Amino acid sequence: MSSKKKRSPNTSNDMWVVVAADSAVAAPRPQDGDPVMVKLRSPSTGVASLYMFGSGNAQVYEVKAFNEDYHSWFIGQTVHRDGKLLYITPVDPLYLLLPYMIQAAKEGKFQPLHQMLIDEDFPACTRLLNCKQTETSIGHVAEEKEVGSQKFYRYSREKTMEWLKKKVDKTVTALKNAKISVGEGVKSTTYIRVKQECDGREEDYLRYAHGLISEYISEDLSKDLLKHLQLPEVTSPKKAEPPSKKRKVSDKPVEAEEDYTKFNSTDFARKPPKKMTAAQKSLAKVDKTGMKTMSAFFSPKAKTEKAEW
């Protein structure tokens, strides 16, 4: 009897296949320590999300996972069953700070930044204080006061809107430089340009960039930013389209606008064919006096009384 071939041992769960920025994988200095992955509160949803702090907490990175069923990796002579592909990219720490600053602003007073970053569920959020961008960019979203050697901050909606607008403008410039089409003539799944004249509107780029930035801010901030960008509201195609206009082909299910069950009644008579066969012609010559149709034998009897319930 032939013995079953042994499978290669599975690698441990602390191994991943990662695509990361050079700054994330650079060799750390001895005094800074290794990069570390932590869970932080997502600025857009408030739920736990995975992030990574680089050496010395100088930079924070978001961790995204691309995962499909039945994927695995061959690593050396072993098979790693977890087929996820992790993407590690830098993220502005101000996005992660904003929810805490907005919450602290309800008290209406200036506070030290470390006093705002108190989260029992996500204690690693205090690492954001060590990021280089935090100290240099905090003035973009907050008013600042300095008393002695200590700095105090208070969230500013006006500054935040201007800061987010600049983010949108930079994103629009990046999309145009990369020649990424975002108009209505683009297939969403492949980003293939369908019509050259459709992908040049400034409003399309602004809306697309706004959608990208909205992935890092709360829903309320996203709505405020849309108003700040002075973008008109998107009207529903169904409301804008005249009722008499013929519907275009769509991949969405079309709701029935008529009662199609009325065509199942016996009152609906089909039009006879234009040409009759020889059998039909001979049958038409037969005397049908006193004959009943086949449907008369199967039709229900008329009820003389109404049923009581």
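The table that follows gives values for the structure above.
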| quantity | calculated |
| --- | --- |
| Ordering of 111-121, 82-92 by burial proxy (mean other Cβ atoms within 10 Å per residue, highest first) | 82-92, 111-121 |
| Sparse-neighbourhood loop sites, chymotrypsin sites (Phe, Trp or Tyr not before Pro) in the stretch 88-186 - DSSP loop, at most 10 other Cβ within 10 angstrom | none |
| By average C-beta atoms within 10 angstrom, highest first, the peptides 66-78, 33-45, 50-62 | 50-62, 33-45, 66-78 |
| For the stretch 89-143: Kirkwood Rh in Å [reciprocal of mean 1/r, alpha carbons] | 11.7 |
| Label-point separation in nm, Asp224 to Glu68, each point 7 Å along Cα→Cβ | 4.1 |
| Of Lys39/Lys132; Lys64/Lys170; Lys84/Lys159; Lys106/Lys176; Lys106/Lys227; Lys64/Lys106, pairs whose Cα-Cα distance is over 29 Å | Lys84/Lys159; Lys106/Lys176; Lys64/Lys106 |
| Peptides 137-148, 215-226 ordered by average Cβ neighbours within 10 Å, highest first | 215-226, 137-148 |
| Convex hull volume per residue in cubic angstrom - Cα atoms of the stretch 17-155 | 137 |
| Euclidean distance between Cα centres, the stretch 45-112 to the stretch 145-168, Å | 24 |
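Values quoted throughout were computed directly from the atomic coordinates according to the rules given, and no laboratory measurement underlies them. Because the structure is predicted, anything quoted here is derived from the model rather than measured. Cβ coordinates were reconstructed from backbone atoms using ideal geometry, including for glycine residues, and neighbour counts include every protein chain displayed.
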